[in-house]
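This report concerns only the one structure given below.
The values are calculated or read from the model by the stated rules, or taken from the named source; none is laboratory data. Everything quoted here is computed from the prediction, not taken from an experiment. Because the Cβ atoms are built from the backbone with ideal geometry, glycine has one as well, and the counts that use them run over all protein chains shown.
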Amino acid sequence: MPKLPFSFYQDTDVNSLALQLLGKQLFTLIDGRLTGGTIVETEAYNGIEDKASHAYGGRLTNRTSIMYQSGGVSYVYLCYGIHHLFNVVTAPEGIPHAVLIRGVEPAAGLDIMLERRNMTALKPNLTAGPGALAKALGIDKGLNAKDLLGEEIWIEDNRITIAGQLVAASPRVGVDYAGDHALLPWRYYIKGNKFVSKPNS
DNA sequence: GTGCGGATGAACT
DNA sequence: GTTCATCCGCACT
């Protein structure tokens, strides 16, 4: 399947892109080992206007600078000192929008993902949740700021569009610190999919 | 230089 | 439901 083109990532509507990323396929190729899966859960982070975003208020630091790049690159950071979280940077240069990938359904390299997670059998928690899927796919800070049209981490267009009635929207997870913005329904997931991290109905 | 707390997950009670 | 692992980005002194 072809990689999603640069143009895909330039949309300034980050919620639209978070929806469009559902059903697409995320892959990594690390040390010759291919792993990947279908994106089933995302969250939109709307740049400088979004209190839950690292770039809220136009904050520009060494860490967040990647968010201001043209869409189509990775933003990986360490959360709670333990978990790496993977985001897709979107929108043209200067607009720090990003989509957090929160769940994928395994599609390639299952044995490798099990090994990375110290698991022996496929269970939903292999790749349900942003920290879990990053570990399964071998994503860490070494994959920060990578071109998503490159050879280490990329997203393929499988020509599948998830019908609107199969998608649910809900408030984002773990962003209580964002006050009123914590209530915005900017988390999207495929209803009923086992690899969605939390409530799904 | 110091201190706080986080876009989580797993193991407990 | 609660606890805790475990790091560093970031704001402030």
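Among the residues of region A:108-136, those identified as in contact with a Lys or Arg (Cβ under 8 Å, 6 or more places away or on another chain) and assigned to a loop (DSSP other than H, G, I, E, B) are A:G109, A:R117, A:G129.
For beta carbons closer than 6 Å, sequence separation of 6+ or different chains, a first residue in region A:150-172 that is free of Cβ contacts under 8 Å to residues at least 24 places away in the same chain and a second that is part of a helix (DSSP H, G or I) and of a type in the set (A, V, I, L, M, F, W, C), the qualifying pairs are A:P171/A:L183. Among the residues making up region A:158-190, those that are assigned to a loop (DSSP other than H, G, I, E, B), surrounded by fewer than 17 Cβ atoms within 10 Å (Cβ to Cβ) and not hydroxyl-bearing (S, T, Y) are A:N158, A:R159, A:I160, A:A163, A:P171, A:G174, A:P185. Of all the listed residues (A:D157, A:D140, A:D147), the sole one being within 16 Å of DNA strand C (Cβ to nearest atom) and either of a type outside the set (D, E) or more than 24 Å from A:D50 (Cβ to Cβ) (or both) is A:D140.
Pairing each residue of region A:52-78 that is within 9 Å of DNA strand C (Cβ to nearest atom) with any residue that is among the polar types (S, T, N, Q) and at pLDDT 95 or above, provided the two are 6+ apart or on different chains, yields C-beta distances under 7 Å for A:H54/A:T64; A:A55/A:T64.
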